[in-house]
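K.L.:
The structure's right below; bear with me while I get my questions together.
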Amino acid sequence: MAFIAVYDANVLYPSTLRDVLIRLAQAGLVQAKWTDQILDETFRNLKKNRPDLDPYKLDRTRELMAGAVRDVLVKGHEPLVDIVDLPDPDDRHVLAAAIRAKAQVIVTFNLPDFPASKLSAWDVQAIHPDAFIEAQVDLSPQLVYAALTQIADAWKTPPNAVVADVIASLEREGLVAAAAALRALT
């Protein structure tokens, strides 16, 4: 069985990274988890920061995400929110979800907000998405490459996109090590 990872809102914000993380879950490399609160934060920030994006399409993306991964939604974590301690109280719901889901990792750009000293009691680790995807490449390069191929095939812009375009997009989103590991596959 795949290990369990809670995806923080900030890793679901960039579109290519979001697509890769979902497709890795669909491929069975990881059991992805998130909460309605995590999605609320993701899409609230997208609508606020990206007025160029159609709000209807963003709502549709959220709906599609709900059905994209089996058993993705964590529920019943709310009582744990007041028990856990993190530097940023607004992140406690993410750790509470990880505990409830029995997740091994939280995938987040905000590593300082999830210090090991606060997570270790719960047997949870925080990992940067760059390191997370790089590890997935090491574990199953064929499945990761297949996921990137699916993404390239689905893109309408640029027309005739290839895996190199997806890798370049990930690199622009800050995933430099993952991009290098993915380029080594081509």
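K.L.:
Within the stretch 104-124, can you find the residues that are within 18 Å of Ala25 (Cβ to Cβ) and either open to solvent by 10 Å² or more (accessible area, probe 1.4 Å) or over 17 Å from the mean Cα position of the chain (by Cα) (or both)?
P.N.:
Gln104, Val105
K.L.:
Are any residues in the stretch 37-61 open to solvent by 40 Å² or more (accessible area, probe 1.4 Å) and either among the hydrophobic types (A, V, I, L, M, F, W, C) or within 14 Å of the chain's Cα centre (by Cα) (or both), and if so, which ones?
P.N.:
Glu41, Leu53
K.L.:
Any idea how many residues of the stretch 67-81 are under 14 Å from Gln37 (Cα atoms) and among the charged types (D, E, K, R)?
P.N.:
The qualifying residues number 2.
K.L.:
So Ile22 ticks every box in (1) touching a strand residue (DSSP E or B) at 6+ places or on another chain (Cβ under 8 Å); (2) open to solvent by 20 Å² or more (accessible area, probe 1.4 Å); (3) hydrophobic (A, V, I, L, M, F, W, C) but one. Which box is left unticked?
P.N.:
Just one mismatch for Ile22, condition (2).
K.L.:
Next question. Could you go through the stretch 81-103 and let me know if any residue there is farther than 20 Å from Phe132 by Cβ, small (Gly, Ala, Ser), out of contact with any Lys or Arg (no Cβ under 8 Å at 6 or more places or on another chain) and open to solvent by 70 Å² or more (accessible area, probe 1.4 Å).
P.N.:
no
K.L.:
Restricted to the stretch 128-153, and to residues that are among the aliphatic types (A, V, I, L, M) and free of Cβ contacts under 8 Å to residues at least 40 places away in the same chain, which residue is least open to solvent (accessible area, probe 1.4 Å)? Talk me through it step by step, then tell me what you get.
P.N.:
From the stretch 128-153, those among the aliphatic types (A, V, I, L, M) are 131, 133, 135, 137, 139, 143-144, 146-148, 151-152; that's our starting set.
Now drop any that are not free of Cβ contacts under 8 Å to residues at least 40 places away in the same chain, which leaves 135, 152.
Details: Ala135: 37, Ala152: 5 Å².
Once the filter is applied, the top-ranked residue is Ala152.
K.L.:
So, of the residues in the stretch 154-179 that are charged (D, E, K, R) and surrounded by 15 or more Cβ atoms within 10 Å (Cβ to Cβ), which turns out to be nearest to Tyr13 (Cα to Cα)? Reasoning before the result, please.
P.N.:
Going residue by residue through the stretch 154-179, those that are charged (D, E, K, R) are 156, 165, 171-173.
Within this subset, residues satisfying the condition of being surrounded by 15 or more Cβ atoms within 10 Å (Cβ to Cβ) are 165, 171, 173.
On the way: Asp165: 19, Glu171: 15, Glu173: 10 Å.
Taking the candidates together, the pick is Glu173.
K.L.:
Same structure, new question: Any residue in the stretch 92-118 that's on the phi > 0 side of the Ramachandran plot: show its pairings with residues that are hydrophobic (A, V, I, L, M, F, W, C) and modelled with pLDDT of 95 or more at Cβ separation under 9 Å, as long as the two are six or more apart or on different chains.
P.N.:
Note: pairs meeting the criteria are Lys102/Ile4.
K.L.:
Regarding the stretch 128-143, can at least one residue be identified that is farther than 21 Å from Lys33 by Cα and touching a Pro at 6+ places or on another chain (Cβ under 8 Å)?
P.N.:
There is no residue in the stretch 128-143 that is farther than 21 Å from Lys33 by Cα and touching a Pro at 6+ places or on another chain (Cβ under 8 Å).
K.L.:
Taking the conditions exactly as written (more than 17 Å from Thr42 (Cα to Cα), out of contact with any strand residue (DSSP E or B) (no Cβ under 8 Å at 6 or more places or on another chain) and not small (Gly, Ala, Ser)), does Arg92 satisfy them or not?
P.N.:
Values: more than 17 Å from Thr42 (Cα to Cα): no; out of contact with any strand residue (DSSP E or B) (no Cβ under 8 Å at 6 or more places or on another chain): yes; not small (Gly, Ala, Ser): yes.
Spelling it out, it is not the case that Arg92 is more than 17 Å from Thr42 (Cα to Cα), out of contact with any strand residue (DSSP E or B) (no Cβ under 8 Å at 6 or more places or on another chain) and not small (Gly, Ala, Ser).
The values are calculated or read from the model by the stated rules, or taken from the named source; none is laboratory data. Note that the structure is a prediction, hence the values are computed from the model and not measured. Please note: Cβ atoms are built from the backbone with ideal geometry, for glycine as well, and neighbour counts cover all protein chains shown. Remember, those area values only see protein heavy atoms, side chains included, never the ligands or the DNA or RNA. Shrake-Rupley method; radii C 1.70, N 1.55, O 1.52, S 1.80 Å.
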